[in-house]
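Encoded as structure tokens, the structure appears first; notes follow it.
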Amino acid sequence: MRSYAAVDLGASSGRVMVGRANRDSLELVEAHRFPNRPVRTPEGLRWDVLALYAGVLDGLRAAGQVDSVGIDSWAVDYGLLDADGALLGNPAHYRDTRTDGVAEKVWATVPAAELYAATGLQYAPFNTLYQLVAARSSAQLAYARRLLLIPDLLAYWLTGESGTELTNASTTQLIDPRTRDWAYGVAERLGVDLELFAPLRRPG
């Protein structure tokens, strides 16, 4: 029987599930559950990603020996790393107000219909694209050398390997669903540096 750990992170809680499977059976067990409490700071609403990581580690210890680990979380949010791979600050929460009014600025350069045609992603004011435009003049973004979406950030801390998982990256509004690659034209017109992202990787 093989065992698989699934890290499932939601907006208010996280859990680590263990699936044990063989040819005849599948068993699912919750190894650990922990809270996810955003923090209001002078800079805005932030995720306590270090507490989340601690919860993940506790869950994997409780899970015991497993054959692989997968991580799933809410979409669009990210952490920024410096040239040494250190996190530059707690990731902004998608409900932070920094993206208020940003969509209209984006649409002035790439109209909404054109943006949808290029990326196939439904409009939401907190899509990663709008967050990056909102952060354009920030010191954090200026010092950043790598951007990792939340599941990819935790996977990086667990393994030392960085990547951008494609299905989660589709929520950035920077992926072309036809090519399953970056929407280079959109990024260029809006001044988004795609070199910040780790290489795309397929699910699984």
5 Å is the cut-off here: which amide hydrogens, built 1.01 Å from N in the peptide plane, fall below it relative to Leu200, excluding neighbours closer than 5 in sequence? Thr164
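So for the chain: antiparallel DSSP bridges make up what percent, rounded to the nearest 5? Mind showing how you got there, number by number?
Values: 28 of 36 bridges.
Bridges in the chain that DSSP calls antiparallel: roughly 80 percent.
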Which chymotrypsin sites (Phe, Trp or Tyr not before Pro) from the stretch 117-204 combine a DSSP loop assignment with at most 16 other Cβ atoms within 10 Å? Tyr123
Where GluC sites (Glu not before Pro) in DSSP loops with at most 16 other Cβ within 10 Å are excluded, longest remaining stretch of the chain: 44-160
Output ³J(HN,Hα) for the stretch 188-204: one whole-Hz value per residue in order, computed from phi by the Karplus curve 6.51 cos²θ - 1.76 cosθ + 1.60 with θ = phi - 60°, and x for Gly and Pro. 5, 5, 9, x, 8, 7, 5, 5, 5, 7, 5, x, 5, 9, 6, x, x
Taking the C-alpha atoms of the chain, how large are the radius of gyration and the largest Cα-Cα span, Dmax, in Å? 17.8, 57
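Ordering Met1, Met17 by how much accessible area each has at a 1.4 Å probe, largest first, what is the list? Write down the numbers at each step before the final one.
On the way: Met1 130, Met17 35 Å².
Result, largest first: Met1, Met17.
So how do His32, His93 rank on accessible area, 1.4 Å probe, biggest first, that is with the largest at the start?
Details: His32 50, His93 5 Å².
Most to least solvent-accessible, the answer reads His32, His93.
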Let me know the volume per residue of the alpha-carbon convex hull for the stretch 154-201, in Å³. 77 Å³
Using a 1.4 angstrom probe on the protein heavy atoms only, line up Leu26, Leu45, Leu147 by accessible area, largest first. Leu26, Leu45, Leu147
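In the neighborhood of Thr164, defined by Cβ-to-Cβ distances under 15 Å, what is the net charge if each Lys or Arg adds +1 and each Asp or Glu adds -1? Walk me through the numbers on the way to the answer.
Working: positive: Arg145, Arg146, Arg180, Arg201, Arg202; negative: Asp72, Asp77, Asp152, Glu161, Glu165, Asp176, Asp181, Asp193, Glu195.
That sum, taken over residues with Cβ under 15 Å, equals -4.
About its Cα centre, what dipole magnitude does the stretch 49-134 give when the only charges are +1 on Lys and Arg Cβ and -1 on Asp and Glu Cβ, stated in debye to the nearest 20? Present the calculation step by step, with values, prior to reporting the outcome.
Numbers: 4 positive and 10 negative charges, 28 e Å.
In total the dipole reaches around 140 debye.
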Percentage of Cα-Cα pair distances in the stretch 118-181 greater than 18 Å, rounded to whole percent? 46 percent
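Summing +1 for each Lys or Arg and -1 for each Asp or Glu, what net charge is found among the other residues whose Cβ lies under 10 Å from the Cβ of Ala83? Let's see the in-between values first.
Details: positive: Arg145, Arg146; negative: Asp82, Asp84.
In short, 0.
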Cα atoms only: what Rg and Dmax, in Å, come out for the stretch 13-90? 15.7, 54
Would you mind computing, in nm to one decimal, how far apart the modelled labels at Leu141 and Asp100 are, each placed 7 Å from Cα along Cα→Cβ? 1.8 nm
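So which trypsin sites (Lys or Arg not before Pro) in the stretch 90-179 end up in coil per DSSP with only 16 or fewer other C-beta atoms within 10 Å? Spell out each step's value before the answer.
Working: sites: Arg95, Arg98, Lys105, Arg136, Arg145, Arg146, Arg178; in loops: Arg95, Arg136, Arg145, Arg178.
Taking the stretch 90-179 and a limit of 16 other Cβ atoms within 10 Å, the loop trypsin sites (Lys or Arg not before Pro) found are Arg95, Arg136, Arg145, Arg178.
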What does the charge dipole of the chain about its Cα centre add up to, to the nearest 20 debye, if the Cβ of each Lys and Arg holds +1 and the Cβ of each Asp and Glu holds -1? 200 debye
Taking the Cα centre of each part, how many Å lie between the stretch 107-154 and the stretch 182-198? 9 Å
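The values are calculated or read from the model by the stated rules, or taken from the named source; none is laboratory data. None of these values were measured; they are calculated from a predicted model. When we count neighbours, we look across all protein chains shown, and the Cβ atoms used for this are built from the backbone with ideal geometry, even at glycine. Heavy atoms of the whole protein, side chains included, go into the accessibility calculation; ligands, DNA and RNA do not. Shrake-Rupley method; radii C 1.70, N 1.55, O 1.52, S 1.80 Å.
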